[in-house]
Structures are given as C-alpha cells and as structure tokens.
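Quick notes on the structure that follows.
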Amino acid sequence: IWGMECGVSKCAAMLILPSHESHLDTIEVLRSEGDWMIHHQPLPIARKYIYLGVEFTDDLQLAAHMNLNRLRANQSIGSCQRFLSNKSVPLGIRALAYKAMILPILAWGSELLPLDKTKFALMTQTQNRELRMLCGLRPNSTLGYPLAIGRELNIPPFWVRAATSRIRLFSK
C-alpha cells in the first residue's frame, strides 16, 4: 500500500523447536520445507539472529547474547579506560560516566534474561572488575568489596539491575 519493501539482506529464517525436539537439525528442517523467498529473493536460513542488538539462537539460550554484551562492554571500557581510571577526575564523575557509557551496553536486553543470579556470574564479574578499576584498584584485586563499592557509587549488582529491568518490562 505504501510502497515499502522488506530488506532481505536484514532478514533470515530461523526455526525454534520445543526442547523435546532439540535433536532435530533446524537448518535441515527448514530446507526440507522448500525455498524461503521474500520479493523473489532467497532468504538465508540461520541458527542465530541479532534483532535490535539481542542475539537469539534456535534453542533460545541467551548465553551467546550475554557474551556479546560482555565483549561490547569490554571494548567500550578499553576505549575510555584512561578517563575512568584517572584519579584527577572525581570518583563521582567517573561513576556517572561508567553508568552512562558502559553499564547500558552490559545490560542491553537484560529484560529477557532469566531471574537466576547464577546465570549472571560473568556479567557480575565484568562489572566487579570495573568497579575496582573506578576506585583505583587493580581489576583482579582482592581488596575492595564490589558490593560495597557499588552501594557507595549507587551502582546495583548486575543481577539486581537485570531483575529490575525485567519487572519494569512486565509491569508495562
């Protein structure tokens, strides 16, 4: 009606099966259905797909998405580490910069993550390392309890942030 078309280069077909059928090869199942086409162009078949920055897999496990967030956050940390660890900048300003530039990347899509804080161990480890760095400690230092640092800087533990995001989503 409005003359819009799908961007086939941004599309893919992905099959998500119930857990009791996880032994099937999803690519082969989709190929057995015939050719997948949009606007007379072949549609790629995928096991994973990134939609709005969230990586979905055909088994709906979000471990790959969490790893992607950690990688992106570590890249951002690397680009602004000099500022975040600069002791001539007040700690409050560095904490605000961390909350504005790094934490949103780390927590992107956390509304979809399960409410199980054991699943967030690597995300929490990344945040704890950065909290220590903000305070001028070495990232792997045993000094500086990250929970206390986070409370002082008004940065909650990662699992609290993820749970809050999920509750906010469901309340909307």
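The values are calculated or read from the model by the stated rules, or taken from the named source; none is laboratory data. These numbers were taken from a predicted model, which means no experiment stands behind them. Reconstructed Cβ throughout: ideal geometry from the backbone, glycine too, with neighbour counts over all protein chains shown. These accessible areas exclude ligands, DNA and RNA; they are computed on the full protein's heavy atoms, side chains included. Shrake-Rupley method; radii C 1.70, N 1.55, O 1.52, S 1.80 Å.
Filtering segment 138-172 down to residues that are surrounded by fewer than 17 Cβ atoms within 10 Å (Cβ to Cβ) and hydrophobic (A, V, I, L, M, F, W, C), which residue is farthest from D116 (Cα to Cα)?
L143
Give me a count of the residues in segment 87-102 that are crowded, with 17+ Cβ neighbours inside 10 Å and touching a residue at least 40 places away in the same chain (Cβ under 8 Å).
Start the filter on segment 87-102 by keeping residues that are crowded, with 17+ Cβ neighbours inside 10 Å, which leaves 94-95, 98, 102.
Subsequent filtering for residues that are touching a residue at least 40 places away in the same chain (Cβ under 8 Å) retains 94-95, 98.
Here the count works out to 3.
Can you report the number of residues in segment 158-172 which are in contact with a helix residue (DSSP H, G or I) (Cβ under 6 Å, 6 or more places away or on another chain) and within 21 Å of A73 (Cα to Cα)? Even if it seems obvious, please write down each step before you answer.
Quick first cut of segment 158-172, residues in contact with a helix residue (DSSP H, G or I) (Cβ under 6 Å, 6 or more places away or on another chain) only: 158-159, 162, 165-166, 169.
This time we only want the ones that are within 21 Å of A73 (Cα to Cα), so: 158-159, 162, 165-166.
Qualifying residue count for the region: 5.
Under the condition of being among the acidic types (D, E) and over 19 Å from A64 (Cβ atoms), which residue from segment 1-51 is modelled with the lowest pLDDT? Reasoning before the result, please.
If we filter segment 1-51 for residues that are among the acidic types (D, E), which is where we start, we get 5, 21, 25, 28, 33, 35.
Imposing the further condition that a residue be over 19 Å from A64 (Cβ atoms) reduces the set to 5, 21, 28, 33, 35.
Working: E5: 78, E21: 71, E28: 81, E33: 81, D35: 83.
Here the answer is E21.
Among the residues of segment 1-59, write down those that are in a strand (DSSP E or B), under 30 Å from R72 (Cα atoms) and either in contact with a Cys (Cβ under 8 Å, 6 or more places away or on another chain) or open to solvent by 90 Å² or more (accessible area, probe 1.4 Å) (or both).
Selection gives K48, Y51.
Looking at (1) open to solvent by 10 Å² or more (accessible area, probe 1.4 Å); (2) over 21 Å from R166 (Cα atoms), which is the one condition that is false for L84?
In the conditions (1) open to solvent by 10 Å² or more (accessible area, probe 1.4 Å); (2) over 21 Å from R166 (Cα atoms), L84 misses (1) alone.
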